[in-house]
Amino acid sequence: MQLAIGHAFQKKAQNPPNVILILTDDQGIGDLGCHGNPWLKTPNLDMFYEQSVRLTDFHVSPYCTPTRAAIMTGRYPINNGAWATYKGRDALAKSTSTMANVFKQNGYNTALFGKWHLGDNYPTRPTDLGFETAIHHKAGGVGELSDYWGNSYFDDVYYVNNEPKQFEGYCTDIWFDETIKYIDSKNQESKPFFVYLATNAPHSPWIVDEKYAKPYQALEGTKINNANFYGMLANIDENFGKLDAYLKKQNLLDNTIVIYMTDNGTSGGMSRDGKNIGYNKGLRGIKGAKTEGGHRVPFFIRWPNGSLEGGRDINNLTSHVDILPTLANLCHLKIPSTMKLDGEDLSELLLAEKNNTNRSVFIHNRQDWRQPKDVMETCIIVGKWRLINGNELYNVVKDPYQKNNVAAMHPEIVKQLLFQNKAFLKRTKENPEYNELPVSVIGNKNQKEIKLTIQHAIGEDGGIWKPEQVASGMKNKNNTHAIEVEKDGEYLISCRRWPKECPGPVWGTPSVNPKNLYQYETIEPTKVRIKIANQILEQEIDGEQETIEFKVHLSKGKTLLVNDFIEGTEEYGVYYTYISEFNNK
């Protein structure tokens, strides 16, 4: 289908605009100078704020994967299936179409720099879902256990179209520098570009060059929560300024749509000890919360050729699922008729401030493989009302900090919002993504060997995501992976204590400790057991082995792999598992 395009946009923008979507990680609504933070200095973003149209009531999900999935698909996380940050629900479904697919199909060059967190294996890597160029880390953050072993924000190995490459410098600097290099390389082409610049900063661990944190160190513990967190934001601001100056120098600024937004509430901008140290723009809640501070975030958009400039606030209710249909309209993109969208096209609102007062926004997510709950752990938003957990009602115009639950005073509003939620969920539960787990595909030429980690494993245990946890021998019972076998054949399943890039014996430790980051400890499982496709296989472990290999025949179709180390009466998930076709060994 072809989305309608406003005449005002056509008049000023004869050529398709370039698009740069900047998404930072764990920067909350109060983590900007232009939003009133009295301590944080963000001069470049403050200037951009003055030049932009600002959506002041813009909502995302309270965690990063759900937000990223919603942005890329235009669908709520409960509809696209990626509603958690681990446990098998931090990847998109195999059949997903994304914003990048839409741009690519409409003649744009497409590129990702930074964080993806929507799948580490085929078919949900960025290059599988519309990005022609992708330079990124894996999983949910630089240095997580699914990322390249030894990454630490400085001088890391990142993936360039899925191949590891050594880089020099600080992560955020690299993402912005590579963005500028990419735009430079495409500047002489007639095709416009879509760049998704998704920083991992200021996500924890809060690591940054001291020169950025130093101005805030004296304030730590009294005025602000963490100086390094502010330093990471200062570094982002500096890099944004460099990118903006580059666009101006190359005469790209006027016809480039630039969006700056964040993925959820703050993680380091407010203390968690009850002392309420920090600044959150008067809102309650941080990352993970269903109250306003967990999901109401900055959204600034500038496009001089499209009359999106000049420092205007739009106070209407808007959401992350709106970005895709809005950009499609602004950029004259055709969206496939098979692509289901939950979001609304905001282009007329952005230009003429037309009201959309009747719209609702639904926040459902869950840090588990299980589906989000119907009512508990939800937030339903209509206008000034916020219904949390089905029984807490807040008027955020009168009560922005959400101190006063007025559900008893407005039972008709509660009933109305619950009715809307029930109707929404009825449609949701008809989607295959609601019930079917995202899969990693084996036997496909696009990825000859897949890597499964305990970070993404399904199970009843808590989350495990740090390499320090693996290094110390932390045992976790999550042990199940959803896979799809593309074709009948013989497959090799290799179970390992350590990742291939830093090998070591199952009972021992690697000979290399990159950057001297880890305190290695040993474990001594005596067996490995796998269960897959109606097969249960078990092997004794020789402690000097680096890998325990199983050759299995698998038929085409979907299945679950369950793999465990066995140590006496204790069973726990295998840390790293690699699967390839046997003849590709």
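The values are calculated or read from the model by the stated rules, or taken from the named source; none is laboratory data. Keep in mind that what you see is a predicted model, and the values were worked out from it rather than measured. With ideal geometry, Cβ positions are generated from the backbone for all residues, glycine too; neighbour counts draw on all protein chains shown. Surface areas here come from the heavy atoms of the whole protein model, side chains and all, with no ligands, DNA or RNA. Shrake-Rupley method; radii C 1.70, N 1.55, O 1.52, S 1.80 Å.
Students often get this wrong, so check it: of 94/527; 41/242; 181/248; 275/373; 384/415, which have C-alpha atoms separated by over 26 Å?
The answer is 94/527; 275/373.
Could you give the dipole magnitude of region 244-327 about its Cα centre, charging the beta-carbon of Lys and Arg +1 and that of Asp and Glu -1, in debye to the nearest 20? Intermediate results must be reported in sequence, preceding the final value.
Working: 11 positive and 8 negative charges, 68 e Å.
In debye, rounded to 20, region 244-327 gives about 320.
Extension gain residue 422-residue 582, at 0.36 nm per residue separation less the Cα-Cα distance, in nm? Show your work: numbers first, answer last.
Values: separation 160, 0.36 × 160 = 57.60 nm, distance 4.84 nm.
Full-extension gain reported as 52.8 nm.
Across the chain, where is the longest run that never hits GluC sites (Glu not before Pro) in a DSSP loop with at most 15 other C-beta atoms within 10 Å? Before the final figure, lay out the partial values.
Numbers: sites that count: 168, 189, 353, 430, 436, 460, 501, 521, 544, 546.
That would be 1-167.
Which values, in whole Å and largest first, are the semi-axes of the equivalent ellipsoid of the chain obtained as the square root of 5 times each eigenvalue of the Cα gyration tensor? Each step should come with its number before you reach the end.
Values: eigenvalues 293, 141, 134 Å².
Equivalent-ellipsoid dimensions as semi-axes: 38, 27, 26 Å.
How many angstrom lie between the C-alpha centres of region 381-402 and region 527-585?
49
If only Cα atoms are counted, what is the Rg of region 366-475, and what is its Dmax, in Å?
Cα-based Rg and Dmax for region 366-475 come out at 20.5, 61 Å.
Below 8 Å, C-alpha to C-alpha, sequence gap of six or more: please give me the relative contact order for the chain in percent.
18
Order 307, 347, most accessible first, counting only protein heavy atoms with a 1.4 angstrom probe. Please report the intermediate quantities before stating the final value.
Numbers: 307 40, 347 0 Å².
So, going from the largest accessible area down, we get 307, 347.
When the solvent-accessible surface of protein heavy atoms is calculated with a 1.4 angstrom probe, in what order do 303, 507 fall, highest first?
Numbers: 303 0, 507 90 Å².
My answer, sorted largest first, is 507, 303.
Between residue 373 and residue 15, what is 0.36 nm times their sequence separation minus the Cα-Cα distance? Round to one decimal in nm. All intermediate terms of the calculation are to be shown ahead of the outcome.
Values: separation 358, 0.36 × 358 = 128.88 nm, distance 4.55 nm.
In short, 124.3 nm is gained.
Please report, in debye to the nearest 20, how large the charge dipole of region 179-272 is about its Cα centre when each Lys and Arg carries +1 at its beta carbon and each Asp and Glu carries -1 there.
On the way: 10 positive and 10 negative charges, 9 e Å.
Rounded to the nearest 20 debye, it is 40 debye.
Charges on Cβ only, +1 for Lys and Arg, -1 for Asp and Glu, centred on the Cα centroid of the chain; of 389, 113, 229, which one is farthest towards the dipole's positive end?
Looking along the dipole axis, the top candidate is 389.
Apply the a/c threshold of 1.5 to the C-alpha gyration tensor of region 40-168 and tell me whether it is rounded, prolate or oblate.
Values: a/c = 1.39, a/b = 1.11, b/c = 1.25.
Cα axes put region 40-168 in the rounded bin.
In deg cm²/dmol and to the nearest 500, what is the mean residue ellipticity at 222 nm of the chain if only DSSP H runs of at least 4 residues count, each as -39500 (n - 2.57), divided by the residue total?
-6000 deg cm²/dmol
How many nm is it between the label spots at residue 184 and residue 41, if each spot is 7 Å from the Cα in line with the beta carbon?
Once both label points are built, they end up 2.8 nm from each other.
Could you compute the FRET efficiency for residue 558 and residue 397, with r as their C-beta to C-beta distance and R0 at 60 Å, rounded to 0.05?
Values: r = 48 Å, r/R0 = 0.80.
The computed FRET efficiency comes out at 0.80.
I'd like to compare 420-426, 119-125, 179-185: which one has the highest average count of other Cβ atoms within 10 Å, and what's the full order after that?
Descending packing order for the listed peptides: 119-125, 179-185, 420-426.
Would you kindly find the accessible area of residue 345, with a 1.4 Å probe and non-protein molecules such as ligands, DNA and RNA excluded, rounding to the nearest 10 Å²?
Answer for residue 345: close to 60 Å² accessible.
Can you give the convex hull volume per residue for the Cα atoms of region 439-528, as a whole number of Å³?
On the way: hull volume 11.2 nm³, N = 90.
In region 439-528, the Cα convex hull volume per residue is 125 Å³.
Which residue, chosen from 55, 196, 140, occupies the Cα position most advanced towards the positive end of the dipole of the chain, where the dipole is computed from +1 (Lys, Arg) and -1 (Asp, Glu) charges on Cβ about the Cα centre?
Ranked along the dipole, the leading option is 55.
What figure in square angstrom, to the nearest 10, would you give for the accessible area of residue 254 with a 1.4 Å probe?
80
Counting only protein heavy atoms and a 1.4 Å probe, tell me what percentage of the chain's accessible area is made up of carbon and sulfur. Each step should come with its number before you reach the end.
Numbers: 10690 of 22460 Å².
C and S fraction of accessible area: 48 percent.
With a cut-off of at most 14 other beta carbons within 10 Å, and DSSP calling the residue loop, which trypsin sites (Lys or Arg not before Pro) in region 430-486 qualify? Please list them. The partial results should precede the final answer.
Details: sites: 445, 448, 451, 475, 477; in loops: 445, 448, 475, 477.
Those that pass, being in a loop and sparsely packed, are 445, 448.
Calculate, in nm to one decimal, what residue 238 and residue 276 gain on full extension: separation in residues at 0.36 nm each, minus their alpha carbon distance.
Details: separation 38, 0.36 × 38 = 13.68 nm, distance 2.79 nm.
The residue 238-residue 276 span can extend by a further 10.9 nm.
Where the centre of each part is set by its Cα atoms, how far does region 149-193 sit from region 70-110, in angstrom?
Answer, in whole Å: 22.
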